[in-house]
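Below is one structure, written out as structure tokens; comments come after it.
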Amino acid sequence: MDMQFVNSFKSYQKVGNFWCDLYPLTKMIICFSVGLSTIVVADWRYGFAWCLFYFLFAALAGCGKKFAKVFLVLFVVIGLFLTVIRQIGARDVNTTVMFSLFGWKWHLESFVIAMNINSYMLGFAGAVLLFFNTTAMRDIMYSFEMLGVSHETSFIMLSSMQNIIDLRKTSVTILESQKSRGIETDGNVFLRIKAFFPTIGPLMLGAFSSTEEKSIAMDARAFSVDRKHTYIRELEPMTGKEKLLSAAFVVALVALLAARILLSILK
Amino acid sequence: MAFIELKNATYKYPYTKEPALKDVSYSFEKGKFYGIIGENGGGKTTLCNLMRGLIPHFYLGKLTGEAIIDGVDVREWDTAEISAQIGYVFQNPFTQISGIKETVFEEVAMGLENLGVPKDEILDRVCQVCRQLKIEDLIKNNPNELSGGQRQRVAFASIIVMDPETLIIDEPTSQLDPEGTEDVFEIIHTLKGRGKTLVLVEHKIDLIAEYCDEILVMQHGSIAASGPTKKILSDLSVLDKGAMLPGAAIFGHEMQRAGKPLREIPITVDEAAALVAERGKAEWQSRLKTRALATPTGLRRWRTLTSPYSPASGWRLWGRTAPARPPA
Ligand SMILES: Nc1ncnc2c1ncn2[C@@H]1O[C@H](COP(=O)(O)OP(=O)(O)O)[C@@H](O)[C@H]1O
Ligand SMILES: [Mg+2]
């Protein structure tokens, strides 16, 4: 028996990384403050500067690659889309031509506007992404339960996450069994879609019947017994420093918002 | 006192025509070990569901007759309260994993967390159960990625760690190899030693014969036969009721057919061995007697052998003597 592992439950769960070991709520407050602040500021220099920080934090937290993969996809899809859309619309502000693409003139003003919008779209999405990449779902639910969210809600959230993983696994199994029965499943998109439909039936049936059985099985584990729960896996509650840090970010956000409103009134 | 009492219980699952239980009456006593056997679809699982209050609380459908758990009608029980009293290990190990815990250790601990047991006690109890079930090496694994046999052990551990007074166990060894099956039966046996009431559905009839106090044979939703293990499992008529006989009992019947009957039909290997030895000894003794009686010395010797004690001379065994106790 790995007693070191067993004993690890006796103290607060730590992974030895400053960012990861912050209480989920602290991380959440920081990420959301920063994400919202990019919307408030809406300037590409500010927004993209934070995006660079996100990369840095993700890398320091040991999930740089995972974060980068999703973020870069967002960057390309959202970024490209908005930039092109901006070039098509809002003709009246366009004066400076940057370059011409097969006779289609690209304007600097539209480009800057697009960059500003991009910066807060990605600034906010990146902050959310960073939070979920560096915080386990069970830790998030733990901190919510500590705030009084019910055990049932938390279970439903966590088990739907697992259900999605399971469903994907089952659908692969069903697809493979169909393939072995000679049904075409590979090839172009239409073939794939055609092959997918017959899997929906068994997939859903399986999901429903196992949900029913699972809820009985959870009942057998005293799930609905109305007593105060014990948590063998505990996170260190927000320390004074963390509270201060969170407060600082919220105050900064409010200050930015106030400044922004003031500026727009003065204009 | 009867802990669970069924009186003419009849139950029909929703949207089905035939009842899954028909007029079932039986009383289950505290501290006893009951085995439920019978063919597939005979109603074994349904009977368990009723004894655990899942019928009628979870499975709707139509229940008539009475099912009384610890003196209270099952309809009046609060399901959460029954779950703390009666542990239930389900037939399907794949739906018993919560799916919300990342390690086997936490999975096994979940029931105790829900019951609010202090953390240190949880850690101790989980360690102990994991050792018993030989899943120590799995405690850090993800429970969602276990094999069928491993899941079955984890599911079993997750229930027995809660240490309920009564345990209903539905085919706990279907995914296990012979070694795993032995482990599970050993644990069930120690649970019985600790005074737990046990109800076990199992197909491995030799093990049932060895451990259970009473047997119920379920067929087409009714109890086709019931009573003390020895009585039920030594009777050939069980074969007509969709159940099997232990190897030892079949051996006993074969001996009878061969004209060399044992004193009784054995149901376990140990019993069979003892009965065979007994039969052998009787044969040997009668043969020796016939030969010994042929001569006068032989007769005396036979007497010496068979009655080793005489008040006058004390113990005489195989020609040697030990003095009788001197009169007080
Ligand atoms: N959830 C259910 N809904 C409808 N019918 C069921 C359900 N579970 C079992 N049955 C039916 O009840 C009968 C008894 O089944 P079951 O108790 O599972 O038998 P066993 O455990 O002995 O194999 C079977 O005919 C089965 O088809
Ligand atoms: Mg069954």
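The values are calculated or read from the model by the stated rules, or taken from the named source; none is laboratory data. All values derive from a computational prediction rather than experimental measurement. Here the Cβ is made from the backbone with ideal geometry for all residues, glycine too, and neighbour counts use every protein chain on show.
Looking at A:102, A:155, just one residue is modelled with pLDDT under 85 and surrounded by fewer than 19 Cβ atoms within 10 Å (Cβ to Cβ), and that residue is A:102. Annotation note: of B:183, B:163, B:235, the sole residue that is among the charged types (D, E, K, R), assigned by TED's automatic domain parsing to the domain that holds residue B:40 and over 30 Å from residue B:116 (Cβ atoms) is B:235. Of all positions in region A:76-85, none carries a residue that is in contact with a Cys (Cβ under 9 Å, 6 or more places away or on another chain) and among the aliphatic types (A, V, I, L, M).
Here B:64, B:46 are screened, and the one residue that is more than 14 Å from ligand 1 (Cβ to nearest atom), assigned by TED's automatic domain parsing to the domain that holds residue B:195 and under 16 Å from residue B:221 (Cα atoms) is B:64. A single member of B:182, B:171, B:214 is modelled with pLDDT of 90 or more, over 11 Å from the mean Cα position of the chain (by Cα) and under 28 Å from residue B:266 (Cβ atoms), and it is B:171.
In the condition set (1) over 20 Å from the mean Cα position of the chain (by Cα); (2) assigned to a loop (DSSP other than H, G, I, E, B), residue B:55 is compliant with all but (2). Scan region B:33-74 for residues that are within 14 Å of chain A (Cβ to nearest Cβ), small (Gly, Ala, Ser) and surrounded by 20 or more Cβ atoms within 10 Å (Cβ to Cβ) and the total you get is 1. State whether the residues of region B:135-145 include one that is touching a residue at least 12 places away in the same chain (Cβ under 8 Å) and of a type in the set (Val, Ile, Thr). For region B:135-145, residues touching a residue at least 12 places away in the same chain (Cβ under 8 Å) and of a type in the set (Val, Ile, Thr): present.
Conditions tested, residue by residue: (1) in a loop (DSSP other than H, G, I, E, B); (2) crowded, with 19+ Cβ neighbours inside 10 Å; (3) away from every other protein chain (no Cβ under 14 Å); (4) charged (D, E, K, R).
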position	(1), (2), (3), (4)
A:212	no, no, no, yes
A:217	no, yes, no, no
A:228	yes, no, no, yes
A:232	yes, yes, no, no
A:236	yes, no, yes, yes
A:241	no, no, yes, yes
A:244	no, no, yes, no
A:247	no, no, yes, no
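Scanning region B:66-90 for residues that are more than 30 Å from residue B:148 (Cα to Cα), part of a loop (DSSP other than H, G, I, E, B) and touching a residue at least 60 places away in the same chain (Cβ under 8 Å) yields a single hit, B:70. Within region B:11-52, being within 16 Å of ligand 2 (Cβ to nearest atom) and basic (Lys, Arg) holds for B:44, B:52.
For region B:1-32, filtered to residues that are of a type in the set (Phe, Trp, Tyr) and within 21 Å of residue B:61 (Cα to Cα), the residue that is surrounded by the most Cβ atoms within 10 Å (Cβ to Cβ) is B:11.
A quick yes/no check of all residues on (1) touching a Ser or Thr at 6+ places or on another chain (Cβ under 9 Å); (2) under 12 Å from residue B:38 (Cα atoms); (3) assigned to a strand (DSSP E or B):
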| residue | (1), (2), (3) |
| --- | --- |
| B:216 | yes, yes, yes |
| B:225 | yes, yes, yes |
| B:231 | no, no, no |
| B:245 | yes, yes, no |
| B:250 | no, no, no |
| B:253 | yes, no, no |
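Entry remark, region B:10-43: residues being within 12 Å of ligand 1 (Cβ to nearest atom) and not aliphatic (A, V, I, L, M) number 16 in total. Selection of region B:149-192 for residues being within 16 Å of ligand 2 (Cβ to nearest atom), part of a helix (DSSP H, G or I) and surrounded by fewer than 21 Cβ atoms within 10 Å (Cβ to Cβ) yields an empty set. Residue B:55 falls short on exactly one of the conditions (1) away from ligand 2 (no atom under 16 Å from the Cβ); (2) under 25 Å from residue B:157 (Cα atoms); (3) in contact with a strand residue (DSSP E or B) (Cβ under 7 Å, 6 or more places away or on another chain), and that condition is (1). Quick check: is even one residue across region B:94-106 surrounded by 15 or more Cβ atoms within 10 Å (Cβ to Cβ), among the hydroxyl-bearing types (Ser, Thr, Tyr), part of a loop (DSSP other than H, G, I, E, B) and more than 16 Å from ligand 2 (Cβ to nearest atom)? Yes, because at least one residue in region B:94-106 is surrounded by 15 or more Cβ atoms within 10 Å (Cβ to Cβ), among the hydroxyl-bearing types (Ser, Thr, Tyr), part of a loop (DSSP other than H, G, I, E, B) and more than 16 Å from ligand 2 (Cβ to nearest atom).
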